[in-house]
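Contents: one structure, followed by commentary.
The values are calculated or read from the model by the stated rules, or taken from the named source; none is laboratory data. No experiment lies behind these values; they were computed from the predicted model shown. Cβ atoms come from the backbone with ideal geometry, glycine included; neighbour counts cover every protein chain shown. Side chains are part of the model used for accessible areas, which takes the heavy atoms of the whole protein and leaves out ligands, DNA and RNA. Shrake-Rupley method; radii C 1.70, N 1.55, O 1.52, S 1.80 Å.
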Amino acid sequence: MDDAWHTRPIADVYDALNTSETGLTAEEAGRRLERLGPNKVETEEGISPLRILAEQYSSALIWVLIVAAAVMALVGHTLDAGVILGVVVFITLFGFVQDYRAEQSIAALSELSTTHALARRGGEKSEIDARTVVPGDVLFVESGDIVPADARVVEESNLSVDESALTGESVGVSKEAGVVDAESALADRRNMVYKDTVVERGSARVVVVGTGSRTEIGRIATALEDAEERQTPFQAEMDRLGRIIAAGVVVIVTLIAVVELAIGDTEPLTVFLTAVGVAVSAVPEGLPAVVTLSLALGARRMAEKNALVRRLPIVEALGSVDVICTDKTGTLTEEEMTVTRIVAGRETVDVTGTGYDTEGEFLVDGESIGRERVVEVLRCGMLCNNVDVGTRDGERTYLGDPTEIALFVAARKAGFDRGDLDERFPRLGEVDFTSTRKRMTTLHETPDGGRVAYTKGAPETVLERCDRELVDGAVVELTDERREEIKARIESFAEDALRVMGFAYRPGPPAEASEELESELVFLGLQGMFDPPRPEVPGAIEACQNAGIDVVMITGDNAVTARAIGRKIGIDSPRVVTGPELDGTTDEELADLLEEVDVFARTTPEHKTRILRTLHSKGHTVAMTGDGVNDAPAVKNADVGIAMGIRGTDVTEQASDIVLLDDNFATIRDAVHGGRRIFDNVRKFVNYLLSGNGGEVTMIFTGSMAGFGLVITPIQILWINVVTDGVPALSLGVDPAAEDVLDRPPRPRGEGVITKRIVTSIVGISLFMTVCLLPLFTINFTGGLVPGWDLTGTPLGWTPPYEPSRELAQTMVFTGFVVMEIVRIQAIRFRYGLGLLSNRWLVLAVALTVSMQLLVLYTYAGQLLFGVEPLGLLHWAQIGVSALVFTLLMAVFVKVQDRYFERY
C-alpha cells in the first residue's frame, strides 16, 4: 500500500482512488475485484493433491519395495511382483487420504474466519463478504467490528480501535479525521484504520486504500515466508529410520550375494529370491499407514476437545513439550473484567457476581448495604462510558472495551439504567481517553439545568487532578495524608490482581469539552476489576507441572498484577521480569533468568521471540501461544505453535500447528495428555513392527547362511507385515493411556521413538523368534531336529512321522510368526500396565488376523496364492511348544530389561 495515504487531504484520497462519498457502483467494485484479487492475506497455500500423492513416494522404504517388485518381475515371478506393487499402492493411497484430509481441515479453518463488511455500494448501504472489499469502497465500522481492510478515516464519532493485533499496544487508540505528518509512525497515524484490528468503541465512515497483501497486516504475513519450517523430531526420526533400513538391506543383500555366489554353490535365481526376501522382510510396510492413522485418530480426539490440529506430526511433538509459554488474557483468564471491589466514602465495598451477570450485592464486612454509599462512583462509571448494547453473532451483548463493560455492569447491579441516565444527564461533549492522557472526561447537563463533568482513568492520574473528595455526601478537602492512604489502597488492589480505575467529578464546569474540565476535581473513589482465572486453569497448570512441564506466563500486564494472577493459578515465580528489564539483559543472562523466572510482564511480541530462541538454545521443546499478527513469527518457529481460535487473527492461525477453538489453557493440558498417549502408542507399534521385521530378516539370513535357501517366501512376508502384523498394529494406535502418562517427565529433546531399550527389545525378540522358529523349519524340511548327519547320512534328532518338504517348512515358519504376534503384543504392552482386554479393538484385531491366517491355510485360493500346506494337529503342537518357549524367554528378557533401562 501507499504509505502516503495518511498525509493527503480526504478530497485527494477520493480522487486518487477514483471514488466518492457515495462509494463504488457494484459493477466497478466487481471490475476492481477481478483485477486486484480477493481481500485476503496470501498466507501459505494448501498443498495440491498431486503433490500430496507425490510425497508418499519420497520414503526410502517405498523404493526398496519398488526395486524388490522389479527384481521379482525380471526373474519371472510376476505374481509376487504384482502383490508387492499392490502393497505399495495401498500404502501410498492410505497415506494420501490421511494427508489430504488434514489439508481439508486447514481449508475449513480458513472458512471459519470469514467476516462481513458494511459498505456503501451505488449510494446504498449493503452487507458484503469482507473478501470482496476493494480499494475505493466506502465502509462503515462500529463498536465490535473487525476492520476488513486498511482505510482512511473520513468521519468518526468517538472512535477507538484495538490495534494490539498489529502493533502490540494493549490500550485502544483513538482515531480522528484529518491529516497526519508523513514521518508519523504506524501507531501514531490517527487517521488510519488497519485490517484485522478491532473497533472498541464509537463508529466511523472510512474509505478503503489497501486490501489483501497490500495492507500492513499483509506485509507481516509476507515476512512469515522467511520463518524457518521446522521438522518435528518424529518426522526426522522416521526419515532416518527409513535410510538406515534401506542401507541395511543393501549391506545384507550384498553379503548374501557374495557368500552364496562366490563361496557356495547356490543357484543365482535362489540368491535373487533370497535377496528379495530380505529386502521385503526388512521393510515395515505397515508402519507408514499405522503412524498416519494413529496421528489422525489422535488429531480427531483433540478436535473433540477444542484443539484443531493443522499438521498431523505435531500431535506427537506436543507430547514431548517441556515448556509452555502462554498468554494470560483469555487463555488463563476468562477475559471478562468484573468489578469486585469499590472504594467510596473512605470505606471498601465488596461486589459479588462475575462476568456480565447483572445480579450482585454490595457488601461491607460481609453485610449487604444499599446502593446509596456507592451510587456516585457507579453513576460516574456508567456516564463516563461508551459501551453500547447491541448484537454480535446473533446474540445481544455489550459492545466496547472490557474495562468499560465491567463498569457498566457494576452500575446495572445497583439498578442504574443507561437510557434513564442519558435522559436525565444528556451528554454535551467528551474528552477522549488516550494512552498518553490515561483518562477520559464527559460533560453532561444536570436535571436542574446545570452542568457536571465526570472523569475516570488511571488512579494516579485522576488523583493528582483532585483537590477535594466526597465523603458521606459532603465535599471535604483532600489532604496529603488522604492521598497517601488512597495510593496505598491502589497498591493493595493491584497486589490482589485487580485493575484499578479512579473516578472524580467537577460541579459547574466550563461549557466546552476540553482538558480544562479536568482540574479542581472532587475525588469519588476507586473501582477494582478482576479478570478471573478460568476455573479449570489451576488444575491444568498443576497437571502440567506434575508432568515436568514448566509453564511460563508472558503478559502485557504490569508486574504486580502479573505476579498476583500467577499466584492465583499456581505459577508462583520467585520474581517477575518486565520487558524493559529484558531489554537490558544479554542472551546469557536471559538464559539464566529462564531457569528460575516463570512470569514476564510488560512484554512485546519481540520479547516472546527472544524468549523462544533462548529456550531452544537451552535444548527445550517449546509450545508457544499467540493471537495477534505480530505473534505469528514466534508461533511459527516454536516446536508447537498454538493460535487462539476466538481472539486469533488469520495470519497467526495459518502460522500455527494447533488452533485452540476455545482459547483455553486447559485444552493445552488435554492436548499434551493426548500427545503423550499417542507417542506411547507409536513406540509400541514401532517396537512391534520392527521386532517382527527383525525376526524375519534374522530368520532368512540365518537360513540362507545355513544353506536352507528361502525359509519363508516374499509374499508370505508381505502378508505378515501388512495384514497379520499390520491390523493389530493399527489397533495399538488406539490403546488407552497409561495411568501415569502425566506423572512422568517429558522425554529429553534428543530422545526419539527408538530408545536403547527398544533397540534391545527388537534385537532380543528377533533372536528369540529365530531360535524358536528355525527348529520348526529344520524338522519339517530336513526331517530332523538338527541339520547334521551321522555316519549313515540320516538327520540327527527327532524325525516327524510325515513327509518333510520345503513348502511345509515354510508354512510352519509362516504360521509360527503369526501365532507369536499375540505374545509379542502383550510383552510390549506389559510395561505400560495394560492388560490384554484393556483394548477391545486389539482383541478384535488379533481374532481377525488369526481367522484370516486360517483362511489362508485351509482354502484352495489361499494355498495356491501363498504356496502353503494345510497343517494338522501335530504341526500345531509343534508351533504351540515353540510359542511357549518364546513366551518364557520374553518374560525373563523383560525382567532383565527392567534392571538396566528406564521403564519408558
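Values as computed for the structure displayed
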{"quantity": "Cα-centre dipole for segment 499-559 with unit charges at Cβ (Lys and Arg positive, Asp and Glu negative), debye to 20", "calculated": "240 debye"}
{"quantity": "Helix 480-495 axis, angle to the chain major axis (alpha carbon atoms, nearest 10°)", "calculated": "20 degrees"}
{"quantity": "Distance (nanometres) between label positions extended 7 Å along Cα→Cβ at residue 480 and residue 129", "calculated": "6.8 nm"}
{"quantity": "Segment 563-703 - charge dipole about Cα centre, Lys and Arg +1 at Cβ, Asp and Glu -1, debye rounded to 20", "calculated": "420 debye"}
{"quantity": "Simple spin-label estimate for residue 618 and residue 705 in nanometres, 7 Å along Cα-Cβ", "calculated": "4.9 nm"}
{"quantity": "Positive-end residue, the chain charge dipole about Cα centroid, Cβ charges, pick of 547, 576, 208", "calculated": "547"}
{"quantity": "Net lengthening on full extension, residue 606/residue 898 (0.36 nm per residue, minus Cα-Cα)", "calculated": "100.5 nm"}
{"quantity": "Sequence ranges 178-191, 682-695, ranked by mean other-Cβ count within 10 angstrom, highest first", "calculated": "682-695, 178-191"}
{"quantity": "Accessible area of residue 423 in the full protein assembly, 1.4 Å probe (Å², nearest 10)", "calculated": "150 Å²"}
{"quantity": "Length added when fully stretched, residue 20-residue 420, from 0.36 nm per residue minus Cα-Cα", "calculated": "140.1 nm"}
{"quantity": "Alpha-carbon centroids, segment 530-593 and segment 466-525: separation in whole Å", "calculated": "33 Å"}
{"quantity": "Size of charge dipole - the chain - debye, nearest 20, with Cβ of Lys, Arg +1 and Asp, Glu -1, no other charges", "calculated": "3380 debye"}
{"quantity": "For peptides 567-579, 117-129, 547-559, sequence by mean Cβ density within 10 Å, most packed first", "calculated": "547-559, 567-579, 117-129"}
{"quantity": "Area of residue 486 that stays accessible when all protein chains are in place (1.4 Å probe, Å², to 10)", "calculated": "10 Å²"}
{"quantity": "With Cα atoms, 0 to 90° folded angle of helix 78-112 axis to the chain main axis", "calculated": "10 degrees"}
{"quantity": "Residue 140/residue 514 FRET efficiency (R0 22 Å; Cβ-Cβ; nearest 0.05)", "calculated": "0.15"}
{"quantity": "For the chain, with +1 on Lys and Arg beta carbons and -1 on Asp and Glu, the positive-most of 640, 591, 84 along the dipole", "calculated": "84"}
{"quantity": "Mean separation of Cα contacts under 8 Å (6+ apart) over length of segment 491-572, as relative contact order %", "calculated": "37 percent"}
{"quantity": "The chain: relative contact order in percent, alpha carbon pairs under 8 Å with at least 6 residues between", "calculated": "12 percent"}
{"quantity": "Linear extension gain, residue 841 paired with residue 70, 0.36 nm per residue minus alpha-carbon span", "calculated": "273.9 nm"}
{"quantity": "Kirkwood Rh in Å, taken over all unlike Cα pairs in segment 827-904", "calculated": "15.4 Å"}
{"quantity": "Along each principal axis, Cα extent of the chain, largest first, Å", "calculated": "130, 66, 49"}
{"quantity": "Karplus (6.51, -1.76, 1.60) ³J(HN,Hα), θ = phi - 60°, over segment 511-516, in Hz, Gly and Pro reported as x", "calculated": "7, 9, 6, 8, 5, 5"}
{"quantity": "Label-to-label distance, nm, for residues given as residue 240 and residue 881 (7 Å Cα→Cβ offset)", "calculated": "4.4 nm"}
{"quantity": "Cβ-Cβ FRET estimate between residue 859 and residue 100, R0 fixed at 45 Å, reported to 0.05", "calculated": "0.80"}
{"quantity": "Nearest-10 value in Å² for the accessible area of residue 142, using the 1.4 Å probe", "calculated": "100 Å²"}
{"quantity": "Shape category assigned to segment 434-494 from the gyration tensor of Cα positions, a/c cut at 1.5", "calculated": "oblate"}
{"quantity": "Built amide H within the under 5 Å cut-off of residue 451, gap 5+", "calculated": "446, 508"}
{"quantity": "Under Karplus coefficients 6.51, -1.76 and 1.60, residue-wise ³J(HN,Hα) of segment 679-690 in Hz, glycine/proline x", "calculated": "5, 4, 5, 4, 4, 4, 7, 5, 4, 4, 6, 6"}
{"quantity": "Efficiency of FRET from Cβ geometry, residue 367 and residue 468, R₀ 35 Å, rounded to 0.05", "calculated": "0.75"}
{"quantity": "Percent accessible area from carbon and sulfur atoms, the chain, protein chains only, probe 1.4 Å", "calculated": "55 percent"}
{"quantity": "Probe 1.4 Å, protein heavy atoms only - accessible area per residue of the chain in square angstrom", "calculated": "42 Å²"}
{"quantity": "Gyration tensor verdict on segment 522-592 (Cα atoms; rounded if a/c is under 1.5, prolate if a/b is larger than b/c, oblate otherwise)", "calculated": "oblate"}
{"quantity": "Phi to ³J(HN,Hα) by Karplus 6.51 cos²θ - 1.76 cosθ + 1.60 over segment 460-472, Hz, x for Gly, Pro", "calculated": "5, 5, 5, 4, 6, 9, 9, 10, 9, 9, 9, 10, 6"}
{"quantity": "Rounded tilt (10° steps) of 60-74 against the dominant C-alpha axis of the chain", "calculated": "30 degrees"}
{"quantity": "222 nm mean residue ellipticity, helices alone, for the chain (DSSP H n ≥ 4; -39,500 (n - 2.57); rounded to 500)", "calculated": "-14500 deg cm²/dmol"}
{"quantity": "Other-chain or far-sequence residues with amide H under 5 Å of residue 161's (modelled H)", "calculated": "173, 174, 175, 200"}
{"quantity": "Furthest towards positive pole of dipole, 517, 474, 442, structure part segment 422-555, Cβ charges", "calculated": "442"}
